[in-house]
Structure formats: C-alpha cells, structure tokens
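K.L.:
Got a structure for you, written out below as structure tokens; questions coming shortly.
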Amino acid sequence: MLVQIDLADTLLALELLQVQRVAYQQEAELIGYPALPPLRETLPELLDCGETVLGWRVDGELRGAVGYLAQAGQADICRLVVAPAWQRQGIARQLLQALIDNDEYAAITVTTAAANLPALALYREMGFLPSTPFTTPDGLALVRLQRGPAPDRC
C-alpha cells in the first residue's frame, strides 16, 4: 500500500534508513562499487534531506520507498529503494507510477549507475530516456534519465 513517509518522524526515518541500507548494499555489490554514498548516509542527514518520500508497505512493514525533491514542475528522484526480498514484485514500479501520476510534475529525473541494468531497464520501461552520462572523479559511471518535456537542468 502506498503511504507518505514523514521524515520528521525519527522512527519512520529509521525504518527507511534500514530498507535503504540493505537495498544499496545489494546495488553496491551488483555494480562493484562498495563506496556507494547512500550507504554512508546517517540518520541526521536523512532527517535533513528535504525530500518528499512515498513508501510502500506490506503487512505494515516498509518494503520500498522513493524520495524526491520538487521544484518548478520537476521532481528529481534522490532515492528509489526496495528491500531485496521484495524486489521483482512491482513495488518500484508502483512507487514510480505514483510519482508519474502526480500532475504537479511535467518532468521527472533520476541518476543511477550505468552498471545497474535492472534499474535502467525499469526506468526505460516507465518512459525515462537517458540524457546525460557522466563519471564521478573516482570512476563511477552514472547516467541521468528524464521523463517528460522539461529541459535537463542538472
């Protein structure tokens, strides 16, 4: 079930942080990049991130979430995580669809690792197009994807 996650609530933020850590650990192993920045995010950083977060609960437990920043008709996805045991069950798709269905956003952007083929496939299936590939100073290849007509501003 789709729910709003209030990051002002420390217990909800901790629940998100737990799901995020196991999901990003799996991604770090998948892409061969153990220094993935979200793995180092602290509770105070999460509480202060300013994101709007939608969660997906099953039997009362948080199983996935999408966090984004919104500005001028555009949503920039900062995190999309699903607990590994719950992947491939449509949770990420439902979370993305909820964001897509929000008429406030003419465009939605996201950045992911170029080696994260499952994420890239999902984004493409959901209508996202690659717009800007780039590499971090320490060599991580990333790709920015965009859905909608707004120009790429990041």
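Rule-based calculations on the coordinates, nothing more; no lab input. Just so you know, these numbers come straight off a predicted model, no measurement behind them. FYI the Cβ positions are ideal-geometry reconstructions off the backbone, even for glycines, and counts take in every protein chain you see.
K.L.:
Near the amide H of R79, under 5 Å away, which other amide H atoms are found, from residues 5 or more places off or on another chain, if H is placed in the peptide plane?
P.N.:
Those qualifying (amide H under 5 Å, at least 5 residues apart or on another chain) are G67.
K.L.:
Now a separate question. With labels modelled as points extended 7 Å from the Cα through the Cβ direction, what inter-label distance (nm, one decimal) is found for A70 paired with A98?
P.N.:
The two pseudo-label positions are separated by 1.3 nm.
K.L.:
Apply the Karplus curve 6.51 cos²θ - 1.76 cosθ + 1.60, θ = phi - 60°, to the phi angles in segment 69-74 and return the couplings in whole Hz, x for Gly and Pro.
P.N.:
10, 10, 7, 6, x, 10
K.L.:
Next question, about the same structure. Considering only DSSP beta bridges whose two residues both sit in the chain, what percent are antiparallel, to the nearest 5?
P.N.:
Roughly 90 percent of the beta bridges in the chain run antiparallel, per DSSP.
K.L.:
Collect residues whose amide H, placed 1.01 Å from N in the peptide plane, falls under 5 Å from the amide H of T132; neighbours closer than 5 in sequence don't count.
P.N.:
Under 5 Å from the amide H of T132: R144.
K.L.:
Additional query: Could you give me the ³J(HN,Hα) list for segment 13-29, computed from phi with Karplus coefficients 6.51, -1.76, 1.60 and θ = phi - 60°, whole Hz, x at Gly and Pro?
P.N.:
5, 4, 4, 5, 4, 5, 5, 4, 4, 6, 5, 6, 5, 4, 5, 4, 5
K.L.:
For R63, list long-range residues whose amide hydrogen, built 1.01 Å from N in the peptide plane, is under 5 Å from its own amide hydrogen.
P.N.:
W56, R57, V58
K.L.:
Under a Cβ-only charge scheme (Lys and Arg +1, Asp and Glu -1), can you give me the dipole magnitude of the chain about the Cα centre, in debye to the nearest 20?
P.N.:
480
K.L.:
Just order 73-83, 113-123 by mean Cβ neighbour count inside 10 Å, highest at the front, would you?
P.N.:
73-83, 113-123
K.L.:
Can I ask one more? Any idea how far the Cα center of segment 1-49 sits from the one of segment 86-137, in Å?
P.N.:
Here the two parts' Cα centres lie 17 Å apart.
K.L.:
Okay, next question. If you plug each phi of segment 136-148 into the Karplus form 6.51 cos²θ - 1.76 cosθ + 1.60 with θ = phi - 60°, what whole-Hz ³J(HN,Hα) values come out, in order, with x for Gly and Pro?
P.N.:
Running phi through 6.51 cos²θ - 1.76 cosθ + 1.60 with θ = phi - 60° gives 6, x, 9, x, 7, 7, 10, 9, 9, 10, 9, 10, x Hz.
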